[in-house]
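Since the structure comes first, as C-alpha cells, the remarks are kept for the end.
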Amino acid sequence: MSSPLATCGVTGDQPATQSLSPLQPRSEDTMRSNKRRSGLPRASTLFRCLGIVALVGVAACGSDSSTDTGTAEPTTPETASSPTTTDSVESTGDVEPTGDQAVTCSDDLVAAATEEGEVVYAGYISEVFATELKAQFEEEYPGITLTYVAGRVGEIQERVTNEQRIGSVQTDVVASGNQYLEVFRQAGLLEPADLEIDEEFTLPVDPDGNWYPQGYIPAGIAVNLDMVDADTITSWTSLTDPEWAGELLMDDPTSGSTGFGFTLEALRSSELGEGFIEALASQDPTFVAGITQPYGQIARGEYPIYFPALEGDAQREKSAGAPIEWILPAEGAYGIAINMGLIMDAPHPNAAKLLMCFVLSEEMQQLRQEIDGIYPSVVRSWAADSPPLMAELDYEARIEETDNAQTINSTYWGL
C-alpha cells in the first residue's frame, strides 16, 4: 500500500520536509529574501496532507499506547486508586495543582497521570516559560517528567502527522495559534480532553473539548530606536513609506505562522485590505522563518523594523537592554490565540490532561503574562487590558482562506 502522503507529493517514508528528530526541536533559524522561493511546505498542501493522514494513515498504521517508553514506573500516591494508563479518566474530585484553577482535576486523574510518568508537549512556547513550566510542574508532580518541543506551526504539524503516519505517537499535547488546532480537529488528529471547566473563557473554545485556549498574544511592529523615530511609526500603513523600501524584516508568510496570518487579517481588515498588502509587498521585505532570530537582528541593527512582532518577545529584548520598542498600530494588533489539545492516541493521555489543567491555573497564566506577554484566556482581575485587534478572531474564515495559501502567497508575495 502506498504512503498516505504520496498524494501530497511524498513517497514511501520520506517526510514532506526534513523531519524533526524525536523530542528535538529545530534550533537553526533560516532567513531568505522574498525573491527566493522557500523550502518550507506550503500551508495548503500541508493541510491537505493532514486530512489524508487522518483518514488513511492513522487507520492503516494505528498506535500502540502500551509500548514501553523506557521510563521507570513511578510510584502511585497511596491516597488514590490507579486506573489503567491507556484510558482517559473522568474528572470527579477537586484537586488543584497550583493556584486557582480554570479547570478542575480529580484525584484519579493525578494518580493515573503519575502512573504514566511522563508527558510530551509540542508547540509554541518560549524557552524561558518552558523552563519555568517544567520546573514547577515536576515539583508539583514529582512522579511525572515533562518534555517540551518548541517549534513553529509547520514544524509541529509535520512532527505530529509523521508520528501518526508511521504509527509511533510520542506527542501528548500540541499547542499552536488561532485556527490550526481546529484544523487538527477537523483532520482527526485530536481527541476530546473533556476538561471540567470552572470559569468562562474570554477566547474561543471548542464546544466538544478538543482544544482549549491558553491565552492571547498581540502582534504589532518592533523597531530599533537607534535607527527609527518611533513617533513616525503609528500604523501598519507607516510601513509602506518609501523610506523603508528594502529595509523591512517580515515573518515568512509561507511558514504557516504570524506572517501568513497577518496577511489574511490585513486582507479582511476594512482599514487595510488588498491595496495595503500590495503596497507592502512593493517594499520588498526580507522574510525570516525564526522564533527568536528576528528580534536579535533588530537589536543588532541589521534591520530597523520587524513585523508582525509579538509584544512579549519584543518587550523581553527591551528588558535585556536592547534598543527595541514595540508599537501597537492604530488599526489594532494582529491577534494570536494560543490553543492546546490532546493528540489522538496520545501515549500519556492522563498526564496530558493534568498538564493542560496546570497550564490553565491562575499561577501559570500570570507567570506566562509576565514572561511572554500572553494575556490570560480566562477573566483575571490582575490581567492588563489586552490591545484591540485589527480583525476579530474568526477561525472558520481563516481555515477557508488558509486552503488558498499557495494562491495568496503567489499573488501578493510572489512566492
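For every residue, the table says whether it meets (1) modelled with pLDDT of 90 or more; (2) surrounded by fewer than 24 Cβ atoms within 10 Å (Cβ to Cβ); (3) closer than 23 Å to residue 206 by Cα.
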{"site": "318", "(1), (2), (3)": "yes, yes, no"}
{"site": "321", "(1), (2), (3)": "yes, yes, no"}
{"site": "331", "(1), (2), (3)": "yes, yes, no"}
{"site": "344", "(1), (2), (3)": "yes, yes, yes"}
{"site": "353", "(1), (2), (3)": "yes, no, yes"}
{"site": "363", "(1), (2), (3)": "no, yes, no"}
> Any residue in the stretch 289-298 that is closer than 21 Å to residue 406 by Cβ, modelled with pLDDT of 95 or more and not in a loop (DSSP other than H, G, I, E, B)?
Replying inline: no
>> Return the residues of the stretch 130-150 that are under 23 Å from residue 294 (Cα atoms) and out of contact with any Leu (no Cβ under 7 Å at 6 or more places or on another chain); say none if nothing qualifies.
In response: 130, 131, 148, 150
> Do you know which of the residues in the stretch 299-329 that are assigned to a loop (DSSP other than H, G, I, E, B) and touching a Phe, Trp or Tyr at 6+ places or on another chain (Cβ under 8 Å) is farthest from residue 390 (Cα to Cα)?
Replying inline: 322
>> Any residue that is surrounded by fewer than 23 Cβ atoms within 10 Å (Cβ to Cβ), at pLDDT 90 or above and assigned to a loop (DSSP other than H, G, I, E, B) - is there at least one of those in the stretch 247-269?
In response: yes
> residue 227: in contact with a helix residue (DSSP H, G or I) (Cβ under 7 Å, 6 or more places away or on another chain) and either closer than 30 Å to residue 322 by Cβ or in a strand (DSSP E or B) (or both), yes or no?
Replying inline: no
> When residue 205 is evaluated against the numbered criteria (1) at pLDDT 85 or above; (2) touching a strand residue (DSSP E or B) at 6+ places or on another chain (Cβ under 8 Å); (3) among the β-branched types (Val, Ile, Thr), which criterion, by number, is the only one it fails?
Replying inline: (1)
> Restricting the stretch 161-203 to residues that are polar (S, T, N, Q) and touching a Lys or Arg at 6+ places or on another chain (Cβ under 8 Å), which is farthest from residue 257 (Cα to Cα)?
Replying inline: 171
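The values are calculated or read from the model by the stated rules, or taken from the named source; none is laboratory data. Given the structure is predicted, the values throughout are model-derived calculations rather than measurements. With ideal geometry, Cβ positions are generated from the backbone for all residues, glycine too; neighbour counts draw on all protein chains shown.
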